[in-house]
Amino acid sequence: MDLLDWYRGRLSSRRLAVLLRHLPRDSALAHSLHGEAAEWATTDHLLAAVVDQLAEANWMFATVNRDEDSNPLDPPQPIPRPGAEADPPATDAGPASEPMPSAERLVKFFI
């Protein structure tokens with residue numbers, strides 16, 4: 001099959017759209033549109049979530065059952081997801097960085 005068949009009239013627009021929509025996940029088009037996220041299926045995301053939850057549960061168990069005089073354990077690092085930054089930049093999101101809402105805005109919020 002040739003893409004020029006669409007231009008020549010031998011391939012309908014509907015058929016071309018169906019072929020493009022059902023390309024495999026590892027196709028060049030899917031990779032260029034979705035980047036690294038195209039390589040991960042729903043099951044991969046679910047498996048990463050399970051591994052993260054298990055690591056967190058083990059960390060909590062070890063933290064609760066450790067000796068009180070020992071150093072605290074570092075929390076587990078989540079499995080890196082596609083499209084997510086490995087180390088998100090540290091931002092100063094403290095209360096001092098955000099302006100206080102006006103009195104009118106507070107009244108509208110609570111009423």
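Here's the yes/no breakdown for (1) assigned to a helix (DSSP H, G or I); (2) farther than 28 Å from Pro78 by Cα:
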residue	(1), (2)
Arg15	yes, yes
Arg25	no, no
Ala30	yes, no
His45	yes, no
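A quick yes/no check of all residues on (1) modelled with pLDDT of 85 or more; (2) within 30 Å of Asp26 (Cβ to Cβ):
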{"residue": "Ala38", "(1), (2)": "no, yes"}
{"residue": "Glu56", "(1), (2)": "yes, no"}
{"residue": "Asp74", "(1), (2)": "yes, no"}
{"residue": "Pro80", "(1), (2)": "yes, yes"}
{"residue": "Ala86", "(1), (2)": "no, yes"}
{"residue": "Gly94", "(1), (2)": "no, no"}
{"residue": "Ser97", "(1), (2)": "no, no"}
Among the residues of segment 1-37, which ones are more than 30 Å from Arg81 (Cβ to Cβ) and surrounded by 12 or more Cβ atoms within 10 Å (Cβ to Cβ)?
Asp5, Trp6, Leu11, Arg15, Leu16
Quick check: anything in segment 50-64 in a loop (DSSP other than H, G, I, E, B) and surrounded by fewer than 12 Cβ atoms within 10 Å (Cβ to Cβ)?
no
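The values are calculated or read from the model by the stated rules, or taken from the named source; none is laboratory data. Note that the structure is predicted; figures quoted are calculated from it, not measured. When we count neighbours, we look across all protein chains shown, and the Cβ atoms used for this are built from the backbone with ideal geometry, even at glycine.
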